[in-house]
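First comes the structure, then the notes that go with it.
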Amino acid sequence: MSDMLNKAREYEKNALENTPKDLRPAFHLASLTGWMNDPNGFSCYNGQYHLFYQYNPYSMGWASMHWAHAVTKDFVHWDYLPAALAPDMPYDAAGVFSGSAIEDQGRHVLMYTGVSEKEGPDGKKTVIQNQCLAVGDGLDYEKWEVNPVLTSDLLPEGSSRE
């Protein structure tokens, strides 16, 4: 597990411990801390419904996109699990964005968009999106060692590569 993911998980733990329970929604999924966006990877795995969502654990603004993780059995009561993904690799350093999840041969497989930036000779930054995989047990996920699995180089000629 990366230092960046450990840092996010520790931050979440402290936020949960220091937020009075009566200030959290009783019947609605809400971010443990920071800013949340874009639900992803809604799936059934090991008898629970898993929901991931993009979020920045460190502030109420858009930045440092991670994947948060929560599970439910009844869609009313949610258990918050530690962050599943952090932007901790060169191919996703600008954020871990939209994706999905499936069960495959007993494993929980996450497919997500890894975003990086490349600076051109003119100083202009180009955003690069790649498709990446992470495999886990419903709690901890490891990014696949051959990520990214799909790159913009595979797009047909004339497609936008940004």
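The values are calculated or read from the model by the stated rules, or taken from the named source; none is laboratory data. These numbers come from a predicted model, not from an experiment. Here the Cβ is made from the backbone with ideal geometry for all residues, glycine too, and neighbour counts use every protein chain on show. To get the accessible areas, we keep the full protein, side chains included, count just its heavy atoms, and leave off ligands, DNA and RNA. Shrake-Rupley method; radii C 1.70, N 1.55, O 1.52, S 1.80 Å.
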- [ ] Count, please, the residues in the range 63-84 that happen to be farther than 13 Å from H28 by Cβ and either touching a Phe, Trp or Tyr at 6+ places or on another chain (Cβ under 6 Å) or not acidic (D, E) (or both).
- [x] 13
TODO: Would you tally the residues in the range 135-147 being open to solvent by less than 40 Å² (accessible area, probe 1.4 Å) and assigned to a loop (DSSP other than H, G, I, E, B)?
DONE: 2
Open item on the list: Any residue that is closer than 24 Å to K7 by Cβ, modelled with pLDDT of 95 or more and either surrounded by 13 or more Cβ atoms within 10 Å (Cβ to Cβ) or in contact with a helix residue (DSSP H, G or I) (Cβ under 8 Å, 6 or more places away or on another chain) (or both) - is there at least one of those in the range 117-132?
Closed with: yes
Task: Tally of residues being open to solvent by 90 Å² or more (accessible area, probe 1.4 Å), closer than 21 Å to A134 by Cα and part of a loop (DSSP other than H, G, I, E, B) across the range 1-44 - done: 1
Task: Yes/no for D88 being within 14 Å of the chain's Cα centre (by Cα), acidic (D, E), outside any loop (DSSP other than H, G, I, E, B) and closer than 26 Å to W144 by Cα - done: no
Task: Filter pass, S31 being closer than 30 Å to S152 by Cβ and among the small types (G, A, S) - done: no
- [ ] Go over the candidates A83, A70 one by one and state the one that is assigned to a strand (DSSP E or B), aliphatic (A, V, I, L, M) and more than 28 Å from V146 (Cβ to Cβ).
- [x] A70
Open item on the list: Can you pull out every residue in the range 45-67 that is surrounded by 14 or more Cβ atoms within 10 Å (Cβ to Cβ), part of a loop (DSSP other than H, G, I, E, B) and of a type in the set (A, V, I, L, M)?
Closed with: M65
Task: Residue, nearest to I128 (Cα to Cα), within the range 73-116, restricted to residues that are open to solvent by 10 Å² or more (accessible area, probe 1.4 Å) and among the hydroxyl-bearing types (S, T, Y) - done: S116
